[in-house]
1. How long is the gain from Phe57 to Thr158 if the chain were fully straight, where each residue apart is worth 0.36 nm and the alpha carbon distance is subtracted?
2. Below 13 angstrom from the Cβ of Phe149, what's the summed charge of the other residues (Lys, Arg +1; Asp, Glu -1)?
3. At 0.36 nm per residue, and after removing the present C-alpha to C-alpha distance, how many nm does the segment from Gln24 to Ser79 gain when stretched out fully?
4. Per residue, what accessible area does segment 59-169 have, given a 1.4 Å probe and all protein chains present, in Å²?
5. Is there a pair in Lys48/Lys98; Lys14/Lys168; Lys48/Lys168; Lys2/Lys93 whose C-alpha atoms are over 23 Å apart, and which pairs would that be?
6. Roughly how many nanometres apart are two label points built 7 Å out from the Cα toward the Cβ at His143 and Asn89?
7. How many percent of the accessible area of the chain is carbon or sulfur, using a 1.4 Å probe?
8. Where in the chain are the helices, taken as whole DSSP H runs, whose Cα atoms extend 18 angstrom or more along the long axis and whose Kyte-Doolittle mean reaches at least 0.0?
Amino acid sequence: MKVTLIANISANGKVLLAENSSYQAPQEAIIEFMSIATKAGNYVMGRKTFEMLEGAFVNIKAAFQGIELVILSEGGSISKEFKVVAHPNEAIKHLSEKGFEEIIIGGGTATYNLFLEGKWVTDIYFNIHPVIIGNGGILATDHKLISNFKLVGHKQVTENILQLHLTKM
């Protein structure tokens, strides 16, 4: 199973948090994410990301039409419309049983870290933004984690955003 993590990253390596009012990822980065998620047909997110999206969209189901949304939350069922799982392997099992060959992990930081620390991530798309921030998220908080990737591609999303595509070695 291909498990692809997509994250917006600052120039100093911190995850750009959606709830940060000081800096928001530009629309082009969001469009790029949606393109990858739409192609795969699914999107796994954490509870906080889901709640943020619920507040941003009048109808989250319509906004993500054709995309199977899975919410990672240990706090029980926070949605009756979407699949809620407590652990990454449950998300992988659910989407695998539905016939998906690739899973898209879209945040937030806690969700990224659960998938990274479980060594499920096979591919990463980092959208690098030319901003230095002090309050971003941190990837790989487990100090024992070592997961080797190689650069397989890069492209310029906008004049100021570089996307790196990494795959597990």
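1. Numbers: separation 101, 0.36 × 101 = 36.36 nm, distance 2.48 nm.
Computed gain between Phe57 and Thr158 is 33.9 nm.
2. Details: positive: Lys119, Lys150, Lys168; negative: Asp123.
Around Phe149, the surrounding residues sum to +2.
3. Gain on stretching Gln24 to Ser79: 17.2 nm.
4. 56
5. In this structure, Lys48/Lys98; Lys48/Lys168 exceed 23 Å between Cα atoms.
6. Here the answer is 2.7 nm between the modelled labels.
7. Accessible surface attributable to carbon and sulfur in the chain totals 51 percent.
8. In the chain, the long hydrophobic H runs are 27-40.
The values are calculated or read from the model by the stated rules, or taken from the named source; none is laboratory data. Source: prediction; values computed, not measured. Ideal geometry is used to build each Cβ from the backbone, glycine not excepted, and the neighbour counts take in all protein chains shown. Just so you know, the surface numbers come from the protein's heavy atoms only, side chains and all, with ligands and any DNA or RNA stripped out. Shrake-Rupley method; radii C 1.70, N 1.55, O 1.52, S 1.80 Å.
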